[in-house]
Amino acid sequence: MSFGDPNNPYGQQPQSGSGQPQGQPGYGYPQGQPQQPGYGYPQAPPVQPYGGGFPGGPGGPLEMPGGVKAARVMLWVISGLCLIGTFIFFGSAASLNAAKDSSTLQNDSQFQDLVDGSSGFLYGLGTLALVWLVLSAFLAIKVKTGGSGFRTALIVYGIVTALIAVYPFTVFGIVHLVLAILIAVFAGKSDGAAWFSRPRY
């Protein structure tokens with residue numbers, strides 16, 4: 001055992017100016033970098049700002065998820081289609097009633113019966129399209145602030161709209177069917193659940 005060994009706890013300590021400088025930690029302390037506060041302990045993860053968080057976390061998502069944004073756009077598309085449908089159905093019913101009053105067809109009982117049934121059916125479809133227009137626009141507006149109960153209403157809306165779109169099965173019906181299914185799926189996904197169940201401050 002050498003007395004000059006710097007690692008020997010029983011040996012002579014090196015003099016000032018040679019070897020280890022005075023004022024530094026001795027044997028058993030880590031060498032090299034100066035000690036940082038909390039040396040040897042793992043660092044804590046960064047703290048989220050108040051009201052922040054991650055999807056599904058305590059603070060909820062900070063930004064509306066992409067699926068929910070897409071559902072909102074689809075609601076506006078359905079509103080536009082319903083507006084077009086309202087004009088078509090009411091316009092067709094009004095045209096039939098105008099034809100019914102023409103002098104050449106007033107005596108045709110079969111045509112009169114057909115017009116009566118058709119115009120009533122068209123007015124009914126026009127009223128349904130108008131109601132769905134208002135409902136779709138209302139839901140599109142409330143997507144940003146709606147809660148978990150609103151999410152359930154959105155899923156039910158998508159399912160009912162898809163069922164209504166099956167009949168009459170037209171091009172507009174197919175578009176309604178696809179959009180309604182996508183709205184229900186996007187609202188039912190986990191990121192949609194996190195968005196609608198986030199706390200409000």
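Beta carbons closer than 7 Å, at least 6 apart along the sequence or on distinct chains, pair a first residue in the stretch 131-147 that is part of a helix (DSSP H, G or I) with a second that is of a type in the set (D, E, K, R) and modelled with pLDDT of 90 or more for A140/R72. Total residues in the stretch 121-146 satisfying the condition of being of a type outside the set (K, R), at pLDDT below 90 and exposed (fewer than 15 other Cβ atoms within 10 Å of the Cβ): the figure is 3. Only one entry of S118, S103 meets the criterion of being at pLDDT below 80, at negative phi, surrounded by fewer than 17 Cβ atoms within 10 Å (Cβ to Cβ) and not in a helix (DSSP H, G or I), and that entry is S103.
Out of curiosity, is T161 part of a helix (DSSP H, G or I), of a type in the set (S, T, N, Q) and touching a residue at least 60 places away in the same chain (Cβ under 8 Å)? Yes: the conditions hold for T161. Considering the stretch 153-191 alone, what residues qualify as being out of contact with any Leu (no Cβ under 8 Å at 6 or more places or on another chain) and modelled with pLDDT under 85? Of everything in the stretch 153-191, those that are out of contact with any Leu (no Cβ under 8 Å at 6 or more places or on another chain) and modelled with pLDDT under 85 turn out to be Y167, P168, F169, T170, V171, G173.
The values are calculated or read from the model by the stated rules, or taken from the named source; none is laboratory data. Computed from a prediction, not measured in an experiment: that's the story for all the values here. Glycine also receives a Cβ, built like all others from the backbone with ideal geometry; neighbour counts cover every protein chain displayed.
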